[in-house]
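> Questions regarding the structure given below will be posed in turn.
The values are calculated or read from the model by the stated rules, or taken from the named source; none is laboratory data. This is a predicted model, so every value here is computed, not measured. Ideal geometry is used to build each Cβ from the backbone, glycine not excepted, and the neighbour counts take in all protein chains shown.
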Amino acid sequence: MPTLHEFQRRFRAALTAASGDDLADIVQGEGAVARLAVYRNNVLGTLSAALGLNFPATACLVGADFFAAAAARFIVASPPRSADLHEYDEAFPAFLATQPGITARPYIAAVAALEWAVAQALHAPLAPALGAARLAALAPEAQAALRFRAHPSLRLMTTSGPARAIWEAVLQPDEALRARNLAAIDLAAPGETLAVLRVGGTIALHPLAPAAFAFAQALADGETLAEALARVPPQSAAAWLGAFLAQGFFATASLRRPI
Amino acid sequence: MATPRAAGCRCEATIPASAGIGLRLPHHQAFRDQRPAIAWIEAHSENYLSGPAFAELLAIRNDYPVSLHSVGLSLGAAEGLDRRHLARLKELVRRIEPGLISEHLAWGAVDHAFLADLLPLPLTEESLAIVARHVLRAQDALGQRILIENPATYLQFRHSTIPEPEFLAALVERTGCGLILDINNIIVSAGNHGWDAEAYLGRLPRAAIGEFHLAGHRQRETEIGMLRIDTHDQPVAADVWALFEVALRRFGPRPTLIEWDQAIPSLDILLAEAARAARRLALLGLGGENADAA
């Protein structure tokens, strides 16, 4: 008689891998294959749907059949680590990059990487955004010592190729407009440094110049305003900070050191 | 219409012994805007851990008692409970103040892989000890008694030694937990394994039953004949209603949930289904306590 742990390991292998194990020696009665298939379909269906919800533009780009087949392989290789399926899964974009049939289209994995940031931003905790008015009340010396806390939905990322343009085009509901926008994309275009965040329930993508991105990154990492300013051209920084605040990049600011 | 409440007020937590429905994303807006007349709602905990969904549940909670029904705690996992998940559920419970908390007699995780289904357990003394330990831990962490639901199953195992109703009764005895009696799951499992559904009811501890679940299922032709599949994608079947009536006569009224979470219908259809359950609760749910003496 297997221990419960042994049983569960074997059951998982029978469910997710093509191990050929039908559990016939431990299943009571007839029909182990047909009965196990109900569970296999449930697991595959639920996890495949979870990937589809987090990577809708990717699914649209590769087509439903390819997505389903790639998802089925991914589920076996990298099942979720969490019962919260919103977190499924960070590793999917890199997995897609290795899939036969689309290795010649690297922009697909690049769009998936952007969608992962979008999904994280969508499901992040709610928090009010810090407005510029709160800072204006502080003396300049106090401002210099401020440390910002990024809005929980803020993701700063570097995309590969024209991932943002493709993502925006693919999710365009008007079919004619979608086709026109996709046709206009230059696949050789360079990647971007990008801020991804949720504003009022929808996703905002802000392309940032590399220096502005470095400034945002330093602030989001908890450097003081003075420390972050030392990294960037001073003539631009005030305007950048104003834009970050207006776009809701930060949730709070404090004069204390981070714990 | 539910009674409008002043901002910041929250209706009481207790789940009444009447009909409720599962809260689903497509109906959030209707709940906010129209406050449909339903006595209580049940939310799948795992759907409300993320920020915006949590905020919506928090707002809806002001107007309705909420039951939190989890599908991801994997109480039957030999490797133990996922601490992070339990901590997140604890925070959800703290903020939502649910009238009931529930999970399933099932497992879903092994070697830290979460398989996203309610998988069947071999019903052995070892499994009973493990599930009981996890129920006690969950009750301790969440600060209240939880209800455990009988699963819909498609497989049984040769090394099982305890029939499912006796397993649930023993779990109640060891942990003080309550039970959700999922009437649809009894019909599904009884059909798939050749059990006597009415006899199953008679082997459960009456006082532990804290809730009924009702749902739709499908029959699928397979190479071994008809299997009943727990799909939650259509109205409650006639044989499920019939067994619900038997359960009401035997146990008396309990909070009763309509679960319909695939091919989700309009809110009106869901409310009409709940009204069918409510009529039976009103007509048949009176004699429960006396039925024992008969």
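> For region B:56-93, which positions are of a type in the set (Val, Ile, Thr) and within 13 Å of chain A (Cβ to nearest Cβ)?
Passing the criteria: only B:Val71.
> Determine which single condition B:Glu245 fails, assuming it passes every other condition in (1) more than 27 Å from A:Ala37 (Cβ to Cβ); (2) without any contact (Cβ under 8 Å) to a residue 40 or more places away in the chain; (3) touching a strand residue (DSSP E or B) at 6+ places or on another chain (Cβ under 9 Å); (4) surrounded by fewer than 21 Cβ atoms within 10 Å (Cβ to Cβ).
Only one criterion is unmet by B:Glu245, namely (3).
> Of these, A:Ala94, A:Ala137, A:Ala59, A:Ala72, which one is in contact with a Gly (Cβ under 8 Å, 6 or more places away or on another chain) and either more than 20 Å from A:Ser153 (Cα to Cα) or assigned by TED's automatic domain parsing to the domain that holds A:Ser153 (or both)?
Unique residue meeting the criteria: A:Ala59.
> Could you check how many residues of region B:146-172 are without any contact (Cβ under 8 Å) to a residue 40 or more places away in the chain, over 13 Å from B:Leu105 (Cβ atoms) and in contact with a helix residue (DSSP H, G or I) (Cβ under 9 Å, 6 or more places away or on another chain)?
Total meeting the criteria: 5.
> Taking into account only those residues within region A:66-92 that are over 26 Å from B:Ser70 (Cβ atoms) and touching a Ser or Thr at 6+ places or on another chain (Cβ under 8 Å), which is farthest from the other protein chains (Cβ to nearest Cβ)?
Looking at the filtered set, the residue picked out is A:Phe67.
> Hey, could you check region B:100-134 for residues that are acidic (Asp, Glu) and either surrounded by fewer than 24 Cβ atoms within 10 Å (Cβ to Cβ) or under 16 Å from A:Glu6 (Cβ atoms) (or both) and say which is farthest from the other protein chains (Cβ to nearest Cβ)?
B:Glu125
> Let me ask another. What pairs can you find where one residue is in region B:257-282 and surrounded by 13 or more Cβ atoms within 10 Å (Cβ to Cβ), the other is assigned to a helix (DSSP H, G or I) and of a type in the set (S, T, N, Q), and their Cβ atoms are less than 9 Å apart, with a gap of 6+ or different chains?
B:Glu259/B:Asn184; B:Leu267/B:Gln34
> Restricted to region B:37-95, and to residues that are crowded, with 18+ Cβ neighbours inside 10 Å and polar (S, T, N, Q), which residue is farthest from A:Gln120 (Cα to Cα)?
Going through the qualifying residues, I end up with B:Ser67.
> So B:Pro16 fits all but one of (1) closer than 30 Å to B:Glu164 by Cα; (2) in contact (Cβ under 8 Å) with a residue 40 or more places away in the chain; (3) surrounded by 19 or more Cβ atoms within 10 Å (Cβ to Cβ); (4) not charged (D, E, K, R); what number is the exception?
(3) is the only condition that B:Pro16 fails.
> Hey, another quick one. Considering only residues that are under 20 Å from the mean Cα position of the chain (by Cα) and within 8 Å of another protein chain (Cβ to nearest Cβ), look in region B:30-53 and name the one that is nearest to A:Ala119 (Cα to Cα).
B:Leu49
So that you can scan it fast, the table gives a plain yes or no per residue for (1) more than 13 Å from chain A (Cβ to nearest Cβ); (2) surrounded by fewer than 18 Cβ atoms within 10 Å (Cβ to Cβ):
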position: B:Arg158; (1), (2): no, yes
position: B:Glu164; (1), (2): no, no
position: B:Leu201; (1), (2): yes, no
position: B:Ala207; (1), (2): yes, yes
position: B:His213; (1), (2): yes, no
